[in-house]
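Asker: Here it is, the structure, as structure tokens.
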Amino acid sequence: MEPIRTVRVLAATVVMAVFVALTGGIVVEPASHAAAAASPTSLKAQAIYFQQDRNTARRDLAVASMAAGSAWEYTLWSGFVESWSTINNSMVMNSTVPDGLPKKGHVFVVLGSALKSSGKISVKFERRLKVTLKALKKYPKSKVLVTGGAPKKGHTEGEVGYQWLVAKGIAKSRIIVEKRASSTIGNAKNSMAILAKSSAYTSYSLISDSSHLRRASILFDAAKVLVQEKSGKPWGIQRLANVAYMDMKSAGKVPLADWSVSYTAGNVAALFDVTSGYKKLLADAPAKAVLTSVAVTSPTKVTYTVGQDLSTKGLAVTALYNKGVYSRDVTSTAKLSGFDSSAVGTGTVKATYSDGGVSKSASFTYTIAKSASTLALKRSTSTVKAGVTRLTVTATVGTNAPDVVPAGSVKFYLDGTRLKTVTLTDAAAGVSKYRFPKIKAKGTHRIVVKYSGSDVLASTRKELAVVVS
């Protein structure tokens, strides 16, 4: 293990140990890495682990592997980890209440802080509430959710915050109270669960100290994912511009330190109840991911006619790592080869995907059938006199197959008797003519023209009814 990585993992382990001691958040997971990696719980723990390790390639592989069990969870986690990375890099802090927030459906969520031992409001909590008061005055139709438990002398942060705001003139009907949370994890889980109960809430802004808002934002994003996982339904609430008490002037301007990323990762693991699996990964990282095979689901269309292009609708190419421990959809990046629709027959398309210097392939079969042909007839005259007129019929063989010149023969019949066979040439481009002999008998006669077809074109025929007067 590299020295830098060793230091990071040891730091993460220490942070995690302290965190677990404080929260007691432990869930038992399977002991085998191979077995655990196949489960959604293990994949979540790995996504969090590799996020704190700043290994986005392995993080994304763990998230992509979720799709095998639940496309819904894959979608949720893909967005979540990208947002998490963005916050790790930088985050805008608003020292004043921003303009442009929604006038309807918006909630300010103010995060509580520990009360004094007497149960009275602390300086830290009060300064957050003062920021909240400004926000509520600027947006008089917005509501506020005050979150915090950790009771002191029978009083919770949520209740004390509620009383403070009411005393400052904020209507009770505008205040929502959450009074069970004992940490930022609880703030996020409980607050988002409350907001999810009503479709009236469509957006929210977090209010806290600037040194706290990045971790809080990540946890609230995670809590939104958790709500959707449990309900199985999308929830469109948006986290919008925060309002910060600027206790740290440089907050949000530089990437978070390793210890901070690791601590937040431990929080996220606890929120999703994967602490045990996350701890195991800190102690013993997963094996290197190696591409071991590729699986292909054939496209919807596997039968074509000559000249048609390959259709990839319904095609799915999946890369499998470590014999199926991980998987990802690589349909858009796999290379396809072997398709040829120039001749009738069967063939094989090979899908090849490469990663880490390893290439693997899988294939599916297809069939090429003859392309349909068309036959257009044109007569030299519409008036045919008995024993006088010699009618000329021009036959044009066509096809929708690109770059295919009709070959084969065209046969001309009169009243069931074949009179002429014309062999098509490339120069003729599918056009043939025949001048029929004079028809002596008056009445309706039947002219039939048949195209024999070729190696790549199907046969066809057409009739003309000729009235001889």
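The values are calculated or read from the model by the stated rules, or taken from the named source; none is laboratory data. Since this is a predicted model, take the numbers as computed values, not measurements. A quick note on method: Cβ atoms are made from the backbone with ideal geometry, for glycine too, and the neighbour counts reach across all protein chains shown.
Asker: Give region 60-105 a look and list any residue that's farther than 23 Å from Tyr139 by Cα and among the acidic types (Asp, Glu), or say none.
Answerer: The answer is Asp60, Glu73, Glu82.
Asker: Considering each of Ser260, Ser198 in turn, give the residue that is more than 28 Å from the chain's Cα centre (by Cα), among the small types (Gly, Ala, Ser) and at pLDDT 95 or above.
Answerer: On the way: Ser198 fails: more than 28 Å from the chain's Cα centre (by Cα).
Going through Ser260, Ser198 in turn, just one is more than 28 Å from the chain's Cα centre (by Cα), among the small types (Gly, Ala, Ser) and at pLDDT 95 or above: Ser260.
Asker: Hey, Ala150 hits all of (1) in contact with a helix residue (DSSP H, G or I) (Cβ under 7 Å, 6 or more places away or on another chain); (2) at pLDDT 95 or above but one; which does it fall short on?
Answerer: Of the numbered conditions (1) in contact with a helix residue (DSSP H, G or I) (Cβ under 7 Å, 6 or more places away or on another chain); (2) at pLDDT 95 or above, the odd one out for Ala150 is (2).
Asker: Check off (1) crowded, with 19+ Cβ neighbours inside 10 Å; (2) of a type outside the set (A, V, I, L, M); (3) under 29 Å from the mean Cα position of the chain (by Cα) for Tyr245 and give me the number that stays unchecked.
Answerer: (3)
Asker: Could you tell me how many of the residues in region 45-101 are in contact with a Pro (Cβ under 8 Å, 6 or more places away or on another chain) and of a type in the set (S, T, N, Q)?
Answerer: So the count comes out to 5.
Asker: Would you mind listing the helices (runs of 4 or more DSSP H) fully within region 1-117 where at least 1 residues are surrounded by 13 or more Cβ atoms within 10 Å (Cβ to Cβ), modelled with pLDDT under 95 and more than 26 Å from the chain's Cα centre (by Cα)? Steps first, answer last, please.
Answerer: Numbers: elements: 3-23, 33-37, 40-52, 56-65, 71-89.
Correct list: 3-23, 33-37.
Residues are listed down the side, and each one gets a yes or a no for (1) exposed (fewer than 11 other Cβ atoms within 10 Å of the Cβ); (2) among the small types (Gly, Ala, Ser):
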position: Gly416; (1), (2): yes, yes
position: Lys420; (1), (2): no, no
position: Thr425; (1), (2): no, no
position: Ala428; (1), (2): no, yes
position: Val448; (1), (2): no, no
position: Ser452; (1), (2): no, yes
position: Val466; (1), (2): no, no
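Asker: Quick one: Lys350 ticks every box in (1) closer than 30 Å to Leu315 by Cα; (2) in contact (Cβ under 8 Å) with a residue 40 or more places away in the chain except a single one, so which number is it?
Answerer: (2)
Asker: Among what's in region 313-338 and is among the β-branched types (Val, Ile, Thr) and either in a strand (DSSP E or B) or touching a residue at least 60 places away in the same chain (Cβ under 8 Å) (or both), pick the residue that is farthest from Gly69 (Cα to Cα). It would help to see each step written out before you state the result.
Answerer: Here is the first cut: in region 313-338, the residues among the β-branched types (Val, Ile, Thr) are 317-318, 325, 330-331, 333.
Pick out the ones that are also either in a strand (DSSP E or B) or touching a residue at least 60 places away in the same chain (Cβ under 8 Å) (or both) and you get 317-318, 325.
Details: Val317: 16, Thr318: 14, Val325: 12 Å.
Among residues in region 313-338 that are among the β-branched types (Val, Ile, Thr) and either in a strand (DSSP E or B) or touching a residue at least 60 places away in the same chain (Cβ under 8 Å) (or both), the one farthest from Gly69 (Cα to Cα) is Val317.
Asker: So which residues in region 373-405 are surrounded by fewer than 18 Cβ atoms within 10 Å (Cβ to Cβ), modelled with pLDDT of 95 or more and assigned to a loop (DSSP other than H, G, I, E, B)?
Answerer: The answer is Ser380, Thr381, Thr383, Lys385, Ala386, Gly387, Val388, Thr389, Arg390.
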